[in-house]
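Novice: Encoded as structure tokens, here's the structure I'll be asking about.
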Amino acid sequence: MLKNFFWMCSGADPDLLNNSPKSEQIKYAGIGGTIFFTAVMAFISSSYALYTVFDNLYTSIAFGLIWGLLIFNLDRFIVSTIKKRNSFWKELIQASPRIVLAVIIAVVISKPLEMKIFEKEINQVLLTQKNAMTVQNQQQIAQQFTPEIDRIQSEIQALKNDVTAKEKEVNDLYETYIAEAEGRKGTLLIGKGPVYKEKRQKHDALLQELQQLKENNKVKISEKETLVAQLRNQQETQVSSSQPIIDGFDGLMARMNALGKLSWFPSFFIFLLFVAIETAPVLAKIMAPKGAYDLKFEAQEDALAVWVSQQKNQRAAMLTTDMALNEKVYYDVTEDEEVYTYKKQKAKDLLKLQSDIFFKKQSDILG
């Protein structure tokens, strides 16, 4: 049963194989087995590749099964349409488009399996790319908020500097009127004289201005610090909302690009392995000598071609004979007086009818 299944996979005629030597049966069973297991590998490969796209096991298996059947049908078609000829080079030229197609199929099958084999290395490359993208994303978002935050912080610092400058001015006046009272500066007279009182009043007035400035600037600074906090919250929110997009950077194209950043040497040999597997049935059929199955198949095709040619020639002969008979029959009819008289009478009737209709139309026109 398994042998018949592999024969079916190879596209060979089981009736001819049953009457062929054992070696022919084994050869085509091997070709069919290669085609079948290539389709199984295509199913596994495409299912994994589609799982990275859909992230759904059942959907991936369903589409993978369709892809595997497609590859199976293509391989079976490729092998079954190669006919053994008496020249190796003619067979190679005949199979060259199929070999190219087999190489393309090998590429499609091998890439997803390469991604699975080198999954850990690909994950490391993706992690590095995600970290770089995270830093770049934070920098790009910061560029949107940093100028406004810096401007507001500069305004806050300016308000604080105004208070500091006013405090220094008040402290300087305090030192001045104390030094006046102690006789160290100004009039150099010890005691609280008129000059002392004048400087003391000026200090007190400036001190009230300082208190008022502190209260006003405190309110302004609080408002601006609240605005800075809001901007920073917006910046963090935007970073947080965009981070899942970066974390989800794990699709099929991203993994293929990551695979391309790894060393080409192991991937190349895996690709060669699948090329060898995919082209093996074609090359085996080309390189194998013409066997009993090929001879029987060729004899069957020749017999069919001869039968078709006989049928075609027979139909051509029948047509030629029928045309000759028709010519003779119609020639004899032209010599028949009865047919001539009958056709002459009908022509007269037709001319009379035509004249009557023409006369009626003309009469209607003239009124």
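Novice: Examine the stretch 206-213 for a residue that is modelled with pLDDT of 80 or more, under 30 Å from Q144 (Cα atoms) and buried (at least 16 other Cβ atoms within 10 Å of the Cβ), and state whether such a residue exists. Step through it out loud before you land on a result.
Specialist: Residues of the stretch 206-213 modelled with pLDDT of 80 or more: 206-213.
Within this subset, residues satisfying the condition of being under 30 Å from Q144 (Cα atoms) are none.
No - not one qualifying residue is present in the stretch 206-213.
Novice: Does at least one position in the stretch 54-64 carry a residue that is over 30 Å from N257 (Cα atoms), of a type in the set (S, T, Y), in a helix (DSSP H, G or I) and modelled with pLDDT of 80 or more?
Specialist: Start the filter on the stretch 54-64 by keeping residues that are over 30 Å from N257 (Cα atoms), which leaves none.
No, there is no match, as no residue in the stretch 54-64 is over 30 Å from N257 (Cα atoms), of a type in the set (S, T, Y), in a helix (DSSP H, G or I) and modelled with pLDDT of 80 or more.
Novice: Report yes if some residue within the stretch 84-102 is in contact (Cβ under 8 Å) with a residue 24 or more places away in the chain, within 20 Å of the chain's Cα centre (by Cα) and either farther than 29 Å from W264 by Cα or outside the structural domain of Q211 (by TED's automatic domain parsing) (or both); otherwise report no.
Specialist: No.
Novice: So T279 fits all but one of (1) loosely packed, with under 10 Cβ neighbours inside 10 Å; (2) in contact (Cβ under 8 Å) with a residue 24 or more places away in the chain; (3) of a type in the set (S, T, N, Q); what number is the exception?
Specialist: Against the list (1) loosely packed, with under 10 Cβ neighbours inside 10 Å; (2) in contact (Cβ under 8 Å) with a residue 24 or more places away in the chain; (3) of a type in the set (S, T, N, Q), T279 comes up short only on (1).
Novice: Same structure again: Scan the stretch 115-139 for residues that are touching a residue at least 60 places away in the same chain (Cβ under 8 Å) and among the basic types (K, R) and jot them down. Spell out the reasoning first.
Specialist: Start the filter on the stretch 115-139 by keeping residues that are touching a residue at least 60 places away in the same chain (Cβ under 8 Å), which leaves 115-118, 121-122, 125-126, 129-130, 133-134, 137-138.
Result: K116, K130.
Novice: Quick check: anything in the stretch 146-159 farther than 19 Å from I221 by Cβ, surrounded by 11 or more Cβ atoms within 10 Å (Cβ to Cβ) and either among the β-branched types (V, I, T) or touching a Lys or Arg at 6+ places or on another chain (Cβ under 6 Å) (or both)?
Specialist: We begin by selecting, within the stretch 146-159, every residue farther than 19 Å from I221 by Cβ; these are 146-147.
Within this subset, residues satisfying the condition of being surrounded by 11 or more Cβ atoms within 10 Å (Cβ to Cβ) are 146.
Narrowing further to those that are either among the β-branched types (V, I, T) or touching a Lys or Arg at 6+ places or on another chain (Cβ under 6 Å) (or both): 146.
Yes, the stretch 146-159 has at least one match.
Novice: Hey, another quick one. On the basis of being loosely packed, with under 15 Cβ neighbours inside 10 Å and in a helix (DSSP H, G or I), does Q138 make the cut? Write out each step before concluding.
Specialist: Details: loosely packed, with under 15 Cβ neighbours inside 10 Å: no; in a helix (DSSP H, G or I): yes.
So Q138 does not fit the description; no.
Novice: Can you tell me which residue among V333, V329, V308 is modelled with pLDDT of 80 or more, more than 19 Å from I82 (Cβ to Cβ) and either β-branched (V, I, T) or in the same structural domain as A95 (by TED's automatic domain parsing) (or both)? Walk me through it before giving the result.
Specialist: Working: V333 fails: modelled with pLDDT of 80 or more; V329 fails: modelled with pLDDT of 80 or more.
The match here is V308.
Here's the yes/no breakdown for (1) in the same structural domain as V282 (by TED's automatic domain parsing); (2) touching a strand residue (DSSP E or B) at 6+ places or on another chain (Cβ under 9 Å); (3) under 18 Å from E236 (Cα atoms):
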{"site": "A106", "(1), (2), (3)": "yes, no, no"}
{"site": "I109", "(1), (2), (3)": "yes, no, no"}
{"site": "E114", "(1), (2), (3)": "yes, no, no"}
{"site": "V125", "(1), (2), (3)": "no, no, no"}
{"site": "Q129", "(1), (2), (3)": "no, no, no"}
{"site": "Q138", "(1), (2), (3)": "no, no, yes"}
{"site": "I141", "(1), (2), (3)": "no, no, yes"}
{"site": "F145", "(1), (2), (3)": "no, no, yes"}
{"site": "E148", "(1), (2), (3)": "no, no, yes"}
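Novice: I've got another one for you. Restricting to the stretch 1-33, name every residue that is crowded, with 21+ Cβ neighbours inside 10 Å and closer than 16 Å to I71 by Cβ.
Specialist: Across the stretch 1-33, the qualifying residues are C9, S10, I31, G32.
The values are calculated or read from the model by the stated rules, or taken from the named source; none is laboratory data. What you are looking at is a predicted structure, and each value in this text was computed from that prediction instead of being measured. As a convention, Cβ positions derive from the backbone with ideal geometry for all residues, glycine included, and neighbour counts pool all protein chains shown.
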